[in-house]
Each structure stands twice: as C-alpha cells, then as structure tokens.
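What follows is calculated from the coordinates using simple rules that are stated; it is not laboratory data. Everything numeric here is computed off the predicted structure, so don't read it as measured data. In this analysis, Cβ positions are derived from the backbone assuming ideal geometry, glycine residues included, and neighbour counts consider all displayed protein chains.
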Protein chains: 2
Amino acid sequence: MSANPIPLGINLSFCVKRWVTADLWAPIVRDQLGLELVQFSYDLVDPMWPAALLDRHADAIRSQTDSHGITIHSAFIGLAHYTYSQLLHPDPDVRAYAEDWLGRAYAFAARAGITRVGGPLGAIASRIDGVEPDAIPEADYADLIDRMLRLAEHAKLEGLTELYVEPTPMRREWPWTVKQARRMANDVKGSAVPWSYCVDWGHGTFAPLYGSQAIDMEPWLTGLSDCITAIHIQQTDFQFDRHWDFTEKGKVDATDAAAIQRKAGLRHVPTFLEVFYPFERDDSSILQALRATTALLKRSYA
Amino acid sequence: MSANPIPLGINLSFCVKRWVTADLWAPIVRDQLGLELVQFSYDLVDPMWPAALLDRHADAIRSQTDSHGITIHSAFIGLAHYTYSQLLHPDPDVRAYAEDWLGRAYAFAARAGITRVGGPLGAIASRIDGVEPDAIPEADYADLIDRMLRLAEHAKLEGLTELYVEPTPMRREWPWTVKQARRMANDVKGSAVPWSYCVDWGHGTFAPLYGSQAIDMEPWLTGLSDCITAIHIQQTDFQFDRHWDFTEKGKVDATDAAAIQRKAGLRHVPTFLEVFYPFERDDSSILQALRATTALLKRSYA
C-alpha cells in the first residue's frame, strides 16, 4: 500500500438486469469485491416510476448501504435513459421530458442519501447523408447551457451538492474535446451547484474519432484538472468504448492509469470501475471476472 | 428473383440515438436501403412521454411512412425498456409499471397505424452466489401468464391484432427453450389477441448456453412453425448475441438461413434485419455497411 492511494469504487453498471435491488448488490460490492464506494446507476431505478415506488427503493438503498458500510458517491445515468437523445433531442418537448426526468432523478438521489448526479447530456440527431459536423449547432448549445443552469437550480432545491457532465467521444454530443469542455465549464460557471466532469478511460482514447496518434487521457486530466472530480476506469482496445473488465486483453494499463491520474494532481479523485456485460453472459463468470478485476485495480490504485 | 421470396424488412435498432425521427429514418429505409417493410423500435419513442407528444410522433410516423411507401409491420421493445427487468422484476410494483408501459406502447402503436407489438417479456433477478436455476420460479411464471392475458385484452381494446414474445438466450428470462415456448403458447391460447413468437438468429445459436453441439435455429423454426410470425436476422459468432450486420465475419450464412426458414414452412414470415451499433461509431460507415448488408440479404432472401 503506497502512501497515496486513489479512492476506488464501482459503478453499478455490472448489476443491470441482474442484481437489481440493494439487498442483492450491496453484499456483492462489500463482501465479494471488498469495496466501500459505489456509483449508483439509473439503469436500476427509473426516475419515472411512481413516487411511492421510488421512495421505497430509495429507502432500501439507504438502509442497505448503511448496514453494509457502503458510501454512494453519486448516481449516474445508465444506458436506458442515454438511449433517448436526452437534452439534445431535435424535439424540444423530448428535451423538456429529459429535463423533467433529471429533476426526478435528483429527488430520488436526495431521498437515497446521494448528493451528486450526472452522466452524458444528450445527442443531436444524425443527418441522412451520414455527414457529421464537428460540433453541435450553436443554438442547440445555448439551449443546453440554459437547461444546465436550470437543472443546477433544481438540484440545489433538492439538496444536491454537485452535478456531472460525462464527456463522450461523439461529434453529435458535447463535449468531445478538452477545448469544448473548457468552454462549457466557463459557460456554466456560477451555477447554483457546480457542474463538474467525470472523464472515462474509454472515451478520450477512441482512435476512430481522435486518430491513433492523438488518443491520450493525459490532456483531459491535466487540461481539466480543476473541474474533474470523478473518473471512470475500464479496459478497452481504443477501437471502441468497450467498458470491459481487466480480465479482457486491452490497451489500458491500470498502474499507468493511476500514475497519470496522480501526475495530473487528481490523486484524491474517486475512480469507479464501469463495466458492461452482454445480457446473455452467465452470472457466475461475471462475478469471477469482477473479483479478479477489483483485486487488480486495488493493487494498481493503492 | 426466385418464385418464393421471403418478405424482408429492417428493425429501426440501427437508428437509435441517430436518425431518431420519421423524417430522418423513412428516407434512409426507402431510398438508401430500398426497403418497404419496417419494424419500429421503442428506443425511438418512449411510451411514457406525455400523450400530446406521443400523438405528434405517431402522426408524423403515419404521414412519413405513407409518403415514402413504407409499411410498419410491428413495434418492438428496444434496449432502453429491456434494461429494467420488465414484467419479471422482483418488485411487483415495477412489474405493474412495465405492464402500464406496454399499455401505453399499444396505444401509441395504434395511433401510428401499427397493429402488432412485442419483444422480450422480462427477467427475474440474479442470485448473489451467481448460480442460475434452469428456469424462472413457477409463481413468477404464473404471474407472467396472468399479465400476458391481461395485456392481450388491453391490446384488443386498442385495436391491435397480434402480440409477440421474443425468446432470449437467458435462464432468467422465459422462454429460452423450444419446450418452454410451447408451454407458454399453450398457456396463453385463446387470449384476446394472439401471442406469437418472433425468433432471432442470434438467440437460438448462443453456444455458452446451449452448448456448441446444440446451437441450431432449425428446431425453433420447425418446432414453433405454427406460432412464429416474425423473424430477426443478424450476423453473429454464436459466442454472444452480436446483432452485427453482414459486413462482419460471423457464422450465419444468409442464404442457408433463408433455406432453413423456407424448409420450416415459414417462407411467408416477414424477416427483419436487427443490428445494433456502438453509439460512438460514425454515421457514414454505418449507412455504408447497411447498404451492403441489405443488398446481400435481398439476394439471399429473393
């Protein structure tokens, strides 16, 4: 154990459609993986469920995490909500629905004792001819900033302390460059609660977008070190955003990743393993792979 | 063109978070892919959107498909709703919400001029020890059948003509064997509208579940030929349910697949290409791969 361990946790993405309730995932996280820090996923609870149902699940999460000694750092949008283009859907009424969804997500988080919420923001539509502009139109960007400022007000009313943007490697989302991320950070400066970044080791390293010479997490971590307060770690091959665990062969060296994070001055930043498995993969092999992966990460981040 | 072409269409899974509205996907389907038959995906429209918004999208779909000469055969649950364990979630209130979701999906389909709706039914929770029983508990199965009978009543009231179960290769879902599918067909016989099967070339061929000697679509197609009225075709490697297009190297030969379908007496059954792409892949390469894939399938299914 080194003198400067990085706080290590796990996003509950591995639980989706498997260990769906807190009485199932809390003992896996604590007893099988030996972790105490969790990032909750809204793939386990849909904020559009009726209020009484949401309250019951929020209370169960609070109770199970208390009894298992688990801290939930934040709650992140999962694949289900990400699917619907969210705050940048071409239809303004769909954007409004996505904003409402987030408001309900904040209320759920607050009740469950989770003070930070985040995820990707949304995607504009693709063009019929397949041509992808380098960035979303300015009018869409302005609308997005307005919504982010309103959402921060909403989050404050619910008692949350921080919101997250997770940059994704796509021209039709925002931000996909460090420069765009910096512009957005400036444009939401002074929001009712701060908007911070959660960067992901599979996003800044997506070679088909950035070019194989330009893939590198170091510019993200150093360039945004003042506003990154959470990190996703995954194994990936730089060809897609794989979200593999570390039993798969890939190009991320966990010890190097931890070193780059420390060098950027982000030793204190909680780092979450975020892995997705095919729905059809068997449970037993997933638990085994997760145990091996968390053991490896604990050594690398110690 | 042979004398016995199989009706070929496409599931709109390829449009998810890209060509999200009918004015975008209709011209791609008709002009770029040269197809006239579509299976809609609820990853493009969330049935929980407010009624006025749903109506507007339903009307746009009806108008765009009319003007482009496209028929929508059916509407299928996409990845977003599939994520939430649906009708087999351990919490009965989540099951009730999923049943409500389907009721709203039926109403949306009816307004859009779509008369058939379907998809996978749901998943029980996984166990903490990773052990997977061979089948879902009998009490859960009985509850599921009750819900299916109620859903068929609901669908009839909305004016739908047929509902679908899509078997998936998972022990925690139902059915994953031909025998289970036959039992379920018997148990919902006489429902207000018929429950039929939509089988998928990547499901019956998942070697880790069935064993590499037992993977075969022929028993599914012949054993359930009286109740299969739609089929999903995809390229896959039999190691996972890949949902690749046919520019990828895999183990499905499209001409053989068509021959097996014809031999089972299912020449008349509409067959839909169902492919999913990583969100981060570029639009242009996807359109190119889809054009090549539909050209190949048209030859194979002619």
Final fewest-first order of A:M148, A:M170, B:M48 on the 10 Å Cβ neighbour count is B:M48, A:M148, A:M170
Between the alpha carbon centres of the range B:197-256 and the range B:1-53 the gap in Å comes to 21 Å
Checking the range B:135-230 for trypsin sites (Lys or Arg not before Pro) in a loop per DSSP with at most 14 other beta-carbon atoms within 10 Å yields B:K189
Residue-normalised 222 nm signal for the protein assembly as shown, counting each DSSP H run of n ≥ 4 as -39,500 (n - 2.57), nearest 500 deg cm²/dmol, is -12000 deg cm²/dmol
Among A:T161, A:T255, A:L149, the residue whose Cα sits farthest towards the positive end of the charge dipole of chain A (+1 at Cβ of Lys and Arg, -1 at Cβ of Asp and Glu, taken about the Cα centre) is A:T255
Exposure-ranked with fewest Cβ neighbours within 10 Å first, B:V165, A:V188 stand as A:V188, B:V165
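With +1 assigned to the C-beta of every Lys and Arg and -1 to the C-beta of every Asp and Glu, and no other charges, what is the dipole magnitude of the protein assembly as shown about the Cα centre in debye, to the nearest 20? Don't skip to the end; give the middle numbers.
Numbers: 58 positive and 78 negative charges, 107 e Å.
Dipole magnitude for the protein assembly as shown comes out near 520 debye.
Defining a contact as two alpha carbons under 8 Å apart and six or more residues distant in sequence, what relative contact order in percent does chain B show? Please list the in-between numbers first.
Details: 531 pairs, mean separation 58.6, N = 302.
Computed over chain B, the figure is 19 percent.
Mind scanning A:K179/A:K249; B:K263/B:K298; B:K251/B:K298; B:K179/B:K251; A:K17/B:K189; A:K251/A:K298 and naming the pairs with a C-alpha gap bigger than 20 Å? Please report the intermediate quantities before stating the final value.
Values: A:K179/A:K249 31 Å; B:K263/B:K298 18 Å; B:K251/B:K298 18 Å; B:K179/B:K251 25 Å; A:K17/B:K189 29 Å; A:K251/A:K298 18 Å.
Correct reply: A:K179/A:K249; B:K179/B:K251; A:K17/B:K189.
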Taking the dipole of the range A:8-301 about the Cα centre (Lys, Arg +1; Asp, Glu -1; charges at Cβ), the one of A:V16, A:S284, A:G119 that reaches farthest to the positive side is A:S284
Phi-derived 3J(HN,Hα) across the range A:31-48 with the Karplus relation (6.51, -1.76, 1.60, θ = phi - 60°), rounded Hz, x for Gly and Pro, is 8, 8, 9, x, 10, 10, 10, 10, 10, 6, 10, 6, 6, 9, 9, 8, x, 8
FRET efficiency for A:A292 and A:T161 from the Cβ-Cβ distance with R0 = 41 Å, rounded to 0.05, comes out at 0.75
Listed with the fewest Cβ neighbours within 10 Å leading, B:V29, A:V131, B:V16 appear as A:V131, B:V16, B:V29
At R0 = 56 Å the Cβ-Cβ FRET efficiency linking A:A192 and B:A96, nearest 0.05, sits at 0.95
If the label point sits 7 Å along Cα→Cβ of B:E153, residues of the range B:190-213 with amide N under 18 Å come out as B:190-195
Scattering profile of the protein assembly as shown from the Debye formula, Cα beads only, expressed as log10 I(q)/I(0) at q = 0.08, 0.09, 0.10, 0.11 Å⁻¹, is -0.54, -0.69, -0.87, -1.08
GNM of chain A, Cα pairs under 10 angstrom: of A:Q86, A:Q239, A:Q213, the biggest fluctuation goes to A:Q213
For the pair A:T222 and A:D237, the simple spin-label estimate (label points 7 Å beyond Cα toward Cβ) gives in nm 3.0 nm
With +1 at each Lys and Arg Cβ and -1 at each Asp and Glu Cβ, the charge dipole magnitude of the range A:8-301 around its Cα centre, to the nearest 20 debye, comes out at 700 debye
Residue separation between B:D129 and B:T255 times 0.36 nm, minus their alpha-carbon distance, gives in nm 41.1 nm
